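Step one of this worksheet: look at the structure below.
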Amino acid sequence: MTQDLRLAVAAELERARARTALLTDAVDDNDLVRQHSPLMSPLVWDLAHVGNQEELWLVRDVGGREPVRRDIDELYDAFKHPRGDRPALPLLGPAEARAYVGQVRDKALDVLDRVRLDDGPLVADGFAFGMIVQHEQQHDETMLATHQLRTGAPVLDAVPPPQARVELPEEVLVPGGAFTMGTDTEAWALDNERPAHTVEVPAFFIDAAPVTNARYAEFIAAGGYDDQRWWSERGWAHRQAAGLTAPQHWQRDGDGWACTKFGRTEKIVPDEPVVHVCFFEAEAFAAWAGRRLPTEAEWEKAARFDPATGRSRRFPWGDDAPEARHANLGQRHLSPAPAGAYPDGASPLGVHQLIGDVWEWTSSGFHPYPGFRVFPYEEYSQVFFGGDYRVLRGGSFGTDAAACRGTFRNWDHPIRRQIFSGFRCARDAGPELT
Ligand SMILES: [Fe+2]
């Protein structure tokens, strides 16, 4: 078991690094050090930051080894420098950053070979290694978002996502009652996903798939962006100040819309989930449609609750790790897939594409679960609780399976839309169905 775990951890570290290399080798040095948007770090910052976190946690903390580069800790501390300031820092150059992350990785693998994996909670079940794998994969998704903001000739390629295979109903009834939210058993779950606890959720309807481009275009055509009725007070103020008129990367194309994906502009695909909308846009669409966004608990119940057993599954399709047939994850495709493309990934209640495709905005702020305990450090989750964030669930086409599960929680500011964010709607079912 222990040897198997070591091999599995090493394979996950290797897989994350291959993706980091793909994202950073795809562009020249100028593109690596340039800032493509004030919202994003230069790619070369993400690269060395990934190595620095690996050094701090695996080499120094778990391994008890001497620092590789203590002098650069401050530069790559995300709390010390906002993204907009990072290009002006004396960062490692591309060649230096690559050498540094390679050096750290060699030491981390040596630590992995020697560490006792039953030696305390930080290394139990390989947790610290899993945390670092997830951290690198999360930065890879961030780097993918930077690629989407980059201008110039396309540099990334992937096969198109699968076609729709089934027709979906508009919405699905989730029966009222208690379910288990969060986890005590998921080995690499982060502190904010813990502990498992019971939540009472009244009956509600939820969309069988995320809201599509075609539906979203109807909202625009109906004047949704110009009608204050559909927007919250803050949402309307932001819509006005930011001049929002359509999702980010959309542009008029005759009577319809085109969008730019990773440097290629094409007509929008009507039945693909809309992506690059902020929370306020999602909220306005839902109001226009006579609906609302689901709460975080509703989303998780729709994704995990099995009415036959009363148990919460790891994933909508069951407890098995995601395979290509279940969900659009891991940057295999550079786009969400049409609604109905993943029947094998549906939940027991028949809700589709909860995992992968697009991060889904929920109406919930980011708060600790009852019984929350900081692990292993406050800066992972605790410092963000109660801030101006909304929780997003489910992962996107750019999220790796290692950083995605039914309990995984993401959070961001409600105005953000450079992330791969979409949504689905919900509505109350009324007491007769509870
Ligand atoms: Fe980070």
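Could you tell me which residue of region 20-64 is surrounded by the most Cβ atoms within 10 Å (Cβ to Cβ), considering only residues that are assigned to a loop (DSSP other than H, G, I, E, B) and small (Gly, Ala, Ser)?
From region 20-64, those assigned to a loop (DSSP other than H, G, I, E, B) are 26-28, 34-42, 63-64; that's our starting set.
Checking the rest, the ones that are also small (Gly, Ala, Ser) come to 26, 37, 41, 63-64.
Numbers: ALA26: 17, SER37: 14, SER41: 27, GLY63: 18, GLY64: 9.
So the residue we want is SER41.
So for region 210-223 (the condition being out of contact with any Lys or Arg (no Cβ under 9 Å at 6 or more places or on another chain), touching a residue at least 12 places away in the same chain (Cβ under 8 Å) and within 30 Å of GLN382 (Cα to Cα)), does at least one residue qualify? Before you say what the answer is, go through the steps one by one.
Step one: of region 210-223, the residues out of contact with any Lys or Arg (no Cβ under 9 Å at 6 or more places or on another chain) are 212-223.
Then keep just the ones that are touching a residue at least 12 places away in the same chain (Cβ under 8 Å); that gives 212-217, 219-220, 222.
Applying the additional criterion that residues be within 30 Å of GLN382 (Cα to Cα) yields none.
Checked region 210-223: no residue is out of contact with any Lys or Arg (no Cβ under 9 Å at 6 or more places or on another chain), touching a residue at least 12 places away in the same chain (Cβ under 8 Å) and within 30 Å of GLN382 (Cα to Cα).
Check every one of the helices (runs of 4 or more DSSP H) wholly within region 196-289 and list those with 2 or more residues that are under 22 Å from GLY398 (Cβ atoms). It would help to see each step written out before you state the result.
Numbers: elements: 213-221, 233-242, 279-288.
Here the list reads 213-221, 279-288.
Among what's in region 86-107 and is in a helix (DSSP H, G or I) and within 16 Å of the ligand (Cβ to nearest atom), pick the residue that is modelled with the lowest pLDDT.
Filtering region 86-107 down to residues in a helix (DSSP H, G or I) leaves 86-88, 94-107.
Now drop any that are not within 16 Å of the ligand (Cβ to nearest atom), which leaves 86, 97, 100-101, 104.
Working: ARG86: 89, ALA97: 98, TYR100: 98, VAL101: 98, VAL104: 98.
Per the criteria, the residue is ARG86.
Based on what the data block shows, is GLY387 loosely packed, with under 15 Cβ neighbours inside 10 Å and either in a loop (DSSP other than H, G, I, E, B) or in contact with a Cys (Cβ under 6 Å, 6 or more places away or on another chain) (or both)? Spell out the reasoning first.
Working: loosely packed, with under 15 Cβ neighbours inside 10 Å: yes; either in a loop (DSSP other than H, G, I, E, B) or in contact with a Cys (Cβ under 6 Å, 6 or more places away or on another chain) (or both): yes.
In short, yes.
Which of the residues belonging to region 108-141 are of a type in the set (Gly, Ala, Ser) and assigned to a helix (DSSP H, G or I)? Break it down stepwise before answering.
Restricting attention to region 108-141, the residues satisfying the condition of being of a type in the set (Gly, Ala, Ser) are 108, 120, 124, 126, 128, 130.
Within region 108-141, ALA108, ALA124, GLY126, ALA128, GLY130 qualify.
If you check PRO67 against the conditions, is it over 22 Å from the mean Cα position of the chain (by Cα), more than 16 Å from the ligand (Cβ to nearest atom), without any contact (Cβ under 8 Å) to a residue 40 or more places away in the chain and part of a loop (DSSP other than H, G, I, E, B)?
Working: over 22 Å from the mean Cα position of the chain (by Cα): yes; more than 16 Å from the ligand (Cβ to nearest atom): yes; without any contact (Cβ under 8 Å) to a residue 40 or more places away in the chain: yes; part of a loop (DSSP other than H, G, I, E, B): yes.
So PRO67 passes the test.
Show the residue pairs meeting these rules: Cβ distance below 8 Å; 6+ apart or different chains; first residue within region 20-45 and outside the structural domain of ASP85 (by TED's automatic domain parsing); second residue surrounded by 14 or more Cβ atoms within 10 Å (Cβ to Cβ).
No pair meets every condition.
Cβ-Cβ distance below 7 Å, separation of 6 or more or different chains: which pairs start in region 79-101 with a residue that is in contact (Cβ under 8 Å) with a residue 40 or more places away in the chain and over 18 Å from ALA21 (Cβ atoms) and end on one that is small (Gly, Ala, Ser) and not in a helix (DSSP H, G or I)?
Partner pairs satisfying both residue conditions: ARG83/SER41; ARG86/SER41.
What are the pairs with Cβ atoms under 6 angstrom where one residue, in region 128-145, is under 16 Å from TYR377 (Cβ atoms) and the other, located anywhere, is in a helix (DSSP H, G or I) and within 13 Å of the ligand (Cβ to nearest atom)? Sequence gap at least six, or different chains.
Correct list of pairs: ALA128/TRP57; ILE132/GLU54; ILE132/TRP57; GLN134/ALA403; HIS135/GLN53; GLN138/ALA403.
Just one of (1) in a helix (DSSP H, G or I); (2) crowded, with 24+ Cβ neighbours inside 10 Å trips up GLY398, so point out which.
(1)
Kindly provide the set of residues from region 141-151 that are away from the ligand (no atom under 11 Å from the Cβ) and not small (Gly, Ala, Ser), ordered by number.
Result: GLU141, MET143, LEU144, THR146, HIS147, GLN148, LEU149, ARG150, THR151.
Could you check region 327-361 and list, in sequence order, the residues that are at negative phi and outside any loop (DSSP other than H, G, I, E, B)?
Scanning region 327-361 gives ASN328, PRO343, ASP344, GLY345, TRP359, GLU360, TRP361.
The values are calculated or read from the model by the stated rules, or taken from the named source; none is laboratory data. Everything numeric in this text was worked out from a predicted model, so none of it was measured. Glycine gets a Cβ as well: all are built from the backbone with ideal geometry, and neighbour counts include every protein chain shown.
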